[in-house]
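A short worksheet on the structure shown next.
The values are calculated or read from the model by the stated rules, or taken from the named source; none is laboratory data. In this text, all values refer to a predicted model and were calculated from it rather than measured experimentally. Positions of Cβ are generated from backbone atoms using ideal geometry, with glycine treated the same way; all protein chains shown enter the neighbour counts. Side chains are part of the model used for accessible areas, which takes the heavy atoms of the whole protein and leaves out ligands, DNA and RNA. Shrake-Rupley method; radii C 1.70, N 1.55, O 1.52, S 1.80 Å.
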Amino acid sequence: MNSTILITIDVEDWFQVENFKKYIPFSTWSSYEFRVEKNTHRLLDLFDSFNPQPAALKRHAHKVRCTFFILGWLAERLPHLVREIQARGHEVASHGFDHNLCTEESNHRLKQDLLDSKKLLEDIISAPVTGFRAPSFSIRNDILKVIEGCGYLYDSSFNSFAMHDRYGKLLLNSDTKKGISYQFSKNFFEVPISNLGLQNPFSGSFTLPWGGGAYFRLIPFSIFKRGVNNILKKENAYLFYMHPWEIDPDQPRVHKASSSCKFRHYINLKKTFLKLTRFIEHFGQCRFVSCRQYLDKIADS
Ligand SMILES: [Zn+2]
């Protein structure tokens with residue numbers, strides 16, 4: 001069976017990232033230049049360019065279908081972009097409403113955020129929204145229960161790379177593993193970000209961040225693809241994440257941010273689009289499906 005790749009896009013703009021929260025407060029968001037629409041369109045066009053052609057020009061065996069976790073704040077202002085994503089055949093899912101970390105929200109506010117962002121997206125696309133990704137992967141086991149309680153079918157917020165200070169922690173029971181997903185209850189799954197697990201004869205096993213984002217921009221493609229191959233060999237599926245602003249080298253600069261924040265955000269922006277193109281080309285024999293399609297397939301098998 002062909003391996004599966006799940007490309008996931010967190011739809012937020014350059015001024016909404018956790019990295020710059022200190023310098024760009026929520027109350028000022030409306031005053032900044034929106035670049036997300038143009039950048040998301042570039043991604044949609046890229047994914048469409050890999051769809052099978054009717055003639056012999058066929059480059060790929062399957063259509064490229066992705067999951068777009070969209071910020072409610074943006075969806076409210078750009079409903080046409082949400083509808084466009086759906087019309088192009090991709091899954092629309094929630095990235096929360098205003099990008100607050102789930103681990104810092106009260107139970108009540110978290111619930112409101114999960115319900116509001118879900119309802120807003122569902123009203124826009126007139127279809128159910130069943131997936132959620134927490135801002136900055138801020139997840140915990142008790143938060144999963146709240147997400148499930150708000151009517152979602154799955155969460156995709158767990159990044160097992162333990163060295164990042166903001167990423168949340170989850171206890172996953174390997175007995176419940178189905179493909180790369182974990183079944184938490186009859187109707188609720190976790191679909192974690194893929195990372196590269198390696199063995200070291202001295203210190204045992206360790207994890208390298210291999211799921212996308214800044215690490216995708218930082219690691220040379222020749223090495224990155226080997227890691228992905230390694231994951232596919234083991235898991236037969238790989239989940240990748242990125243943001244529309246990562247293909248936008250001309251975005252305004254936040255000069256007052258710390259050097260580490262700037263490094264993380266701006267490193268190799270110029271190269272991402274081409275690298276992503278090479279990534280899809282290189283793994284052209286894989287199936288590129290949305291998280292929901294993947295879970296439905298797992299349930300059937
Ligand atoms: Zn985000």
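Here E33, E84 are screened, and the one residue that is modelled with pLDDT of 95 or more, surrounded by 15 or more Cβ atoms within 10 Å (Cβ to Cβ) and away from the ligand (no atom under 16 Å from the Cβ) is E84.
Within region 212-240, being open to solvent by 10 Å² or more (accessible area, probe 1.4 Å) and within 16 Å of the ligand (Cβ to nearest atom) holds for A214, Y215.
Quick check on E148: is it exposed (fewer than 15 other Cβ atoms within 10 Å of the Cβ), of a type outside the set (G, A, S) and out of contact with any Leu (no Cβ under 6 Å at 6 or more places or on another chain)? Walk me through it before giving the result.
Working: exposed (fewer than 15 other Cβ atoms within 10 Å of the Cβ): no; of a type outside the set (G, A, S): yes; out of contact with any Leu (no Cβ under 6 Å at 6 or more places or on another chain): yes.
No, not satisfied.
Would you check if there is a residue in region 48-62 being within 16 Å of the ligand (Cβ to nearest atom), in contact (Cβ under 8 Å) with a residue 40 or more places away in the chain and more than 19 Å from A214 (Cβ to Cβ)? There is no residue in region 48-62 that is within 16 Å of the ligand (Cβ to nearest atom), in contact (Cβ under 8 Å) with a residue 40 or more places away in the chain and more than 19 Å from A214 (Cβ to Cβ). The test for being under 26 Å from N2 (Cβ atoms) and small (G, A, S) holds for G227. When region 65-93 is filtered for residues that are assigned to a strand (DSSP E or B) and either more than 19 Å from F240 (Cα to Cα) or hydrophobic (A, V, I, L, M, F, W, C) (or both), the ones remaining, listed by number, are F68, F69, I70, V92, A93. Scanning region 87-106 for residues being of a type in the set (S, T, Y) and buried (at least 17 other Cβ atoms within 10 Å of the Cβ) gives a total of 2.
Does I193 satisfy being surrounded by 14 or more Cβ atoms within 10 Å (Cβ to Cβ) and in a helix (DSSP H, G or I)? When the stated conditions are applied, I193 does not pass them. Only residues that are within 18 Å of the chain's Cα centre (by Cα), closer than 16 Å to V36 by Cβ and more than 14 Å from the ligand (Cβ to nearest atom) were counted across region 87-137, and they come to 4. Contact list please: Cβ distance under 8 Å, first residue in region 212-230 and at positive phi, second residue open to solvent by 20 Å² or more (accessible area, probe 1.4 Å), pairs at least six apart or on different chains. Taking only residues 6 or more apart or on different chains, the pairs are G213/H243. Taken together, the residues in region 278-301 that are under 17 Å from the mean Cα position of the chain (by Cα) and open to solvent by less than 50 Å² (accessible area, probe 1.4 Å) amount to 8.
Take the conditions (1) open to solvent by 50 Å² or more (accessible area, probe 1.4 Å); (2) not in a helix (DSSP H, G or I); N51 misses just one of them, which is (1).
For region 22-48, the set of residues classified as within 14 Å of W245 (Cα to Cα) and charged (D, E, K, R) consists of E33, R35, E37, K38, R42, listed by residue number.
Under the condition of being in a loop (DSSP other than H, G, I, E, B) and without any contact (Cβ under 8 Å) to a residue 12 or more places away in the chain, the residues counted in region 127-155 number 1. Just so you know, in region 242-252 the residues that are open to solvent by less than 10 Å² (accessible area, probe 1.4 Å) and not charged (D, E, K, R) include one that is farthest from F273 (Cα to Cα), and it is Q251. Only one of these conditions is not met by I267: (1) buried (at least 16 other Cβ atoms within 10 Å of the Cβ); (2) within 22 Å of L46 (Cβ to Cβ). Which number is it? It fails just one condition, (1).
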